Amino acid sequence: MTKTTKPNTAPEERLLTEEEIRAMGDDDYMNPAQLAFFKNRLQELEKELLKNAGETTEHLRETVLVPDPADRATIEEEHALELRTRDRERKLLKKVQQSIQSIDGGEYGWCEETGEPIGIPRLIARPTATLSLEAQQRRELKQKLYGD
């Protein structure tokens with residue numbers, strides 16, 4: 001049986017590159033091809049974070065008892081650092097999963113505060129962004145002035 005391929009007419013069939021995404025005009029903002037690009041990027045990040053969490057679990061189970069207190073302290077400090085890193089990744093994983101849900105819900109790429117586009121360059125740099133650059137700057141200024 002021969003396999004027939006249809007011409008690449010739909011942009012969803014292949015993922016666009018970062019350069020192709022950046023080259024698109026404002027009229028194309030959050031079109032299906034861009035959403036597929038960001039969903040793929042977020043899913044890859046999610047897989048990496050889950051893999052890291054599994055590796056940490058295995059690494060902590062392989063702990064070897066050492067008699068020297070200095071060596072034991074070093075190992076405990078390394079474990080504490082690894083756990084802090086995984087905690088940060090756990091929080092990022094939650095944001096990644098929320099971003100994937102917002103793609104599925106049709107809300108991805110729009111500022112939660114103003115409803116304006118977040119912008120392709122910002123989303124490429126930080127695919128979990130939920131605020132436009134201006135809204136994020138206002139939030140950070142408020143936090144700096146008034147605290148958390």
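The values are calculated or read from the model by the stated rules, or taken from the named source; none is laboratory data. Because the structure is a prediction, the values reported are computed rather than measured. All Cβ positions, glycine included, derive from the backbone under ideal geometry; neighbour counts span all protein chains shown.
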In the range 100-148, residues that are more than 16 Å from Ile21 (Cβ to Cβ), in contact with a helix residue (DSSP H, G or I) (Cβ under 7 Å, 6 or more places away or on another chain) and among the hydroxyl-bearing types (Ser, Thr, Tyr) total 2
Here are the criteria: (1) assigned to a helix (DSSP H, G or I); (2) modelled with pLDDT of 95 or more. Tell me which single one Thr130 does not satisfy. (1)
